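The values are calculated or read from the model by the stated rules, or taken from the named source; none is laboratory data. Please read all numbers here as calculations on a predicted model, not as lab measurements. For neighbour counting, all protein chains shown are included, and Cβ atoms are generated from backbone atoms with ideal geometry for every residue, glycine included.
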Amino acid sequence: MNEAQHSSPPSLNPAGQFDFWWQHDGEWVEEPNQRRGGESGVKRVRAHGSPLLYAKRQVGHTYRSLRYPLGRPTVLRERDALAACRLLGVPVPNVVFCAAQQESDKSWRALLVTEALDGFQDIDCWYAGGGRERIGEAPHQDLLRHIGEVLARLHRGRWQHGCLYSKHVFVRVTEQADRPPQIDVALLDLEKSRRRLSRRRAALHDMRQLRRHSSWNAADWQQLIYGYQAAYGSAIKGLQS
């Protein structure tokens, strides 16, 4: 049983592409570790003159739901979430290849290959590198509001990130002469994402989680919420502090 999405390398069929990416050499950026009843790891790879890529390899790494009571490979859920984000205008990595193969013993092998977010870094690293001091407070307030706007787009579509820590919020700040910097925001690591029955449930789960797992002070958080609520279209009780 196979499920696949692919764009490169074009000369191979889906099964051949799976073997190509599975066996492709690269540098481990997340060593294989045991979680969700299986094994998962991420490699940094290049192939066929492509941009920098990240290959998530998983064995027996599944999730269960009412629709999939016997389990479904986690990378397929992440692939679906990435596609939904693009439709909602939420910047996320481009998918190069995604596939899952069920072995004879009914266990799963699964792959998700995505392009690197060119020029982006997670916001914790951006802060640690002096980004806030470099651009100044006014552009930093714009950045916070922009983060809020991107998250509001996700939640208006009733999608919940599911693991929204600040390290999964990526920013690219392009400084420009005599003009405010250009600010781009993207989201990463959506393998726990799912669609909720209401956008409010998605919002409350993610935003409360982000508040707990971030270093923003109260004033910073208010700026982020200001941008969030402007894009969301209304205030949500419980997100102010």
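On the given criteria, is ALA110 small (Gly, Ala, Ser) and crowded, with 19+ Cβ neighbours inside 10 Å? For ALA110, the condition - small (Gly, Ala, Ser) and crowded, with 19+ Cβ neighbours inside 10 Å - is met. For the range 66-96, the set of residues classified as touching a residue at least 12 places away in the same chain (Cβ under 8 Å) and assigned to a loop (DSSP other than H, G, I, E, B) consists of GLY71, GLY89, VAL90, PRO91, VAL92, PRO93, ASN94, listed by residue number.
Determine, yes or no, whether ARG199 is crowded, with 16+ Cβ neighbours inside 10 Å and either in the same structural domain as LEU87 (by TED's automatic domain parsing) or among the charged types (D, E, K, R) (or both). Before the answer, list the steps.
Working: crowded, with 16+ Cβ neighbours inside 10 Å: yes; either in the same structural domain as LEU87 (by TED's automatic domain parsing) or among the charged types (D, E, K, R) (or both): yes.
Yes; evaluated as a whole, the condition is true for this residue.
Within the range 77-97, can you find the residues that are of a type in the set (Lys, Arg) and either touching a Ser or Thr at 6+ places or on another chain (Cβ under 8 Å) or modelled with pLDDT under 95 (or both)? Don't jump to the end; show me each part of the working.
In the first step, residues of the range 77-97 are kept if they are of a type in the set (Lys, Arg); the result is 77, 79, 86.
ARG77, the sole residue that qualifies.
When the range 198-238 is filtered for residues that are outside any helix (DSSP H, G or I), more than 18 Å from the chain's Cα centre (by Cα) and in contact (Cβ under 8 Å) with a residue 24 or more places away in the chain, the ones remaining, listed by number, are SER198, SER215, TRP216, GLY233, ILE236, GLY238. One residue alone among ARG79, ARG134 is surrounded by 14 or more Cβ atoms within 10 Å (Cβ to Cβ) and either in contact with a strand residue (DSSP E or B) (Cβ under 7 Å, 6 or more places away or on another chain) or among the charged types (D, E, K, R) (or both), and that residue is ARG79. The number of residues in the range 39-64 being more than 18 Å from the chain's Cα centre (by Cα) and without any contact (Cβ under 8 Å) to a residue 40 or more places away in the chain comes to 5. One residue stands out among those in the range 42-71 that are modelled with pLDDT under 90 and in contact with an Asp or Glu (Cβ under 9 Å, 6 or more places away or on another chain): the one that is surrounded by the most Cβ atoms within 10 Å (Cβ to Cβ), which is HIS61.
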